[in-house]
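Scroll down for the structure; my scribbles are underneath it.
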Amino acid sequence: MTATLQKSPATPALGGRSRPLEPLFRVVLLASLVIAVAFLATLLVYVLVEGWGRLDSRLWENFPSRLYPERAGAQSAIVGTIYVIGLTGLFCVPVGVMTAIYLEEYADRERWWNRMIELNIQNLAAVPSIVYGILGLGILARGLGFGRTLLTASLTLSLLVLPVVII
């Protein structure tokens, strides 16, 4: 016995219906994109033109000051941000990469603890960042006594970023 194959009639893409307004829709989308990018470019140019004169070496060289605002800078904020990001990378990247390698290459998907690890990683990726902040404040800063330090900030940010690195 041989089966016969019937060819279906050729139909246009997307469900077989003609879409007469599609070119107009594409033009409207493109116009919206051009308008949005033009507003963004205008805003960026305005901020650069108005703010360029206020940027000088005092911003990077001086610490914040309430007493002398003409000499105030942002050195502590800039350096602190660089330290926090660097420490976060040192904590997060090795642990995240090793966990991802373990889960992809070595973990047996039939074991309950491996499924539990993957489920927890997916759940942690959905937690709002404010919850991580409260966790860092409550457990790391106050509970473990780290206080308001670079270590507390880096560990809290590492917990926030770790599920993304693993996934």
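Residue 33: open to solvent by 100 Å² or more (accessible area, probe 1.4 Å) and part of a loop (DSSP other than H, G, I, E, B), yes or no?
Criteria not met by residue 33.
Read through the list (1) over 30 Å from residue 163 (Cβ atoms); (2) part of a helix (DSSP H, G or I), then give the number of the only condition that residue 19 fails.
Of everything listed in (1) over 30 Å from residue 163 (Cβ atoms); (2) part of a helix (DSSP H, G or I), residue 19 misses just condition (2).
Being closer than 18 Å to residue 165 by Cβ and surrounded by 10 or more Cβ atoms within 10 Å (Cβ to Cβ) is the filter here; which residues of the range 115-128 pass it?
117, 118, 119, 120, 121, 122, 123, 124, 125, 127
Which of the residues spanning the range 135-158 are farther than 24 Å from residue 76 by Cα, open to solvent by 50 Å² or more (accessible area, probe 1.4 Å) and in a helix (DSSP H, G or I)?
135, 139, 143
The values are calculated or read from the model by the stated rules, or taken from the named source; none is laboratory data. All values derive from a computational prediction rather than experimental measurement. So basically every Cβ, Gly included, is an ideal-geometry build from the backbone, and we count neighbours across all protein chains shown. To get the accessible areas, we keep the full protein, side chains included, count just its heavy atoms, and leave off ligands, DNA and RNA. Shrake-Rupley method; radii C 1.70, N 1.55, O 1.52, S 1.80 Å.
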